[in-house]
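In what follows, a single structure is set out as structure tokens and then discussed.
The values are calculated or read from the model by the stated rules, or taken from the named source; none is laboratory data. Model, not experiment: these values are computed from the prediction. Every residue, glycine among them, receives a Cβ derived from its backbone with ideal geometry; neighbour counts consider all protein chains shown.
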Amino acid sequence: MISLSVIMGGMNMDVLMGRADLHMHTCASDGIPSAKQILEYVERQGVLDVIAITDHDRLDESLWAYSQRDRYAFDIIPGVEISAVRGHVIGLWVSELIPAGLSIPETVAAIHEQGGIAILAHPGEVLINGGHVLRYLRTPSVLVQWEIDAVEVFNAGTMTPGNNVVARRIMRDLPLPVVGNSDAHTLSAIGRGWTRFAGRTGADLRTALLEGHTAAEGQRWSITDYLKLSLNSTPIKRIRSSVPSSLMTPHVATTD
């Protein structure tokens, strides 16, 4: 298991009892399970206290899940993974879709306009972030200038070797909270990466992120998770996930 603790204010790990996984995908983008399947799986596992469904550039499944929060023992917050230029930004506590293709600072500003929290996802992933990875390593303070609220330093599903090591190096001297997430595209990957915080609720998590009282932990996906995703990644699904949600028929999830 990988563990990175960046805890401010003199807190210790024993205080950070809550577990949150804030990065996962449904079949509405490039994941396999539906939102309902995710909620039922998390409930059965009984490990996570807070989750966010963060599909690529669409909010419909996440908002539906958020509307079901009173039916489950864990807390649910709305979120989305936004495709910015040379990077992905997770927007939490947002209710309106933010356009893809903005710069990272523009994306962060749009999240903040909705009262949300902006998390830089997998900053060490060269395939997504391109030349920004070198920029982060050379001048990590740019993340503070861009008003990023937290940085994902453990991603359980990262494809590029050393991605998480690079992310931790970027964050070494930055005064920003860290998060760990699964980036799950399959049910069994959910909870493989997690953020620890004091409390058990979404409100507690938000306070912890704003105050910098978080820790990132996790373990990599199993080989089975990679195989499931590979077998499910057909050309048709890849095309479907690239179509803007405004051009697609909204999914209506059942509540039976």
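Per-residue answers, yes or no, for (1) more than 16 Å from the chain's Cα centre (by Cα); (2) under 21 Å from I77 (Cβ atoms); (3) at pLDDT below 95:
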{"position": "M1", "(1), (2), (3)": "yes, no, yes"}
{"position": "I7", "(1), (2), (3)": "yes, no, yes"}
{"position": "M11", "(1), (2), (3)": "yes, no, yes"}
{"position": "D14", "(1), (2), (3)": "yes, no, yes"}
{"position": "R19", "(1), (2), (3)": "no, yes, no"}
{"position": "H25", "(1), (2), (3)": "no, yes, no"}
{"position": "G31", "(1), (2), (3)": "no, yes, no"}
{"position": "S34", "(1), (2), (3)": "yes, yes, no"}
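For region 104-113, the set of residues classified as of a type outside the set (A, V, I, L, M, F, W, C) and surrounded by 14 or more Cβ atoms within 10 Å (Cβ to Cβ) consists of P105, E106, T107, H112, listed by residue number. Total residues in region 147-174 satisfying the condition of being in a helix (DSSP H, G or I) and touching a strand residue (DSSP E or B) at 6+ places or on another chain (Cβ under 6 Å): the figure is 4.
A quick yes/no check of all residues on (1) in contact (Cβ under 8 Å) with a residue 12 or more places away in the chain; (2) part of a strand (DSSP E or B); (3) closer than 12 Å to A156 by Cα:
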site: G191; (1), (2), (3): yes, no, yes
site: R196; (1), (2), (3): yes, yes, no
site: R200; (1), (2), (3): yes, no, no
site: R206; (1), (2), (3): yes, no, no
site: L209; (1), (2), (3): yes, no, no
site: T214; (1), (2), (3): yes, yes, no
site: E217; (1), (2), (3): yes, yes, yes
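Does N181 satisfy being touching a strand residue (DSSP E or B) at 6+ places or on another chain (Cβ under 6 Å), more than 20 Å from L209 (Cβ to Cβ) and either of a type in the set (S, T, N, Q) or at pLDDT 95 or above (or both)? So N181 does not fit the description; no. All of (1) surrounded by fewer than 22 Cβ atoms within 10 Å (Cβ to Cβ); (2) in contact (Cβ under 8 Å) with a residue 40 or more places away in the chain hold for N155 with one exception: (1).
Which ones in region 30-63 are among the β-branched types (V, I, T) and in contact with a strand residue (DSSP E or B) (Cβ under 8 Å, 6 or more places away or on another chain)?
Here is the first cut: in region 30-63, the ones among the β-branched types (V, I, T) are 32, 38, 42, 47, 50-51, 53-54.
Selection gives I38, V42, V47, V50, I51, I53, T54.
Look at region 121-146: where a residue is assigned to a loop (DSSP other than H, G, I, E, B) and surrounded by 13 or more Cβ atoms within 10 Å (Cβ to Cβ) and a partner is among the acidic types (D, E) and at pLDDT 90 or above, sitting 6+ places away or on another chain with Cβ atoms under 9 Å, you get A121/E81; A121/E152; A121/D183; H122/E152; H122/D183; P123/E152; P140/D173. Within region 38-57, the set of residues being surrounded by fewer than 23 Cβ atoms within 10 Å (Cβ to Cβ) and under 14 Å from L97 (Cα atoms) comprises H56, D57. So for region 111-131 (the condition being more than 18 Å from L22 (Cβ to Cβ) and modelled with pLDDT of 95 or more), does at least one residue qualify? The answer is yes; a qualifying residue exists.
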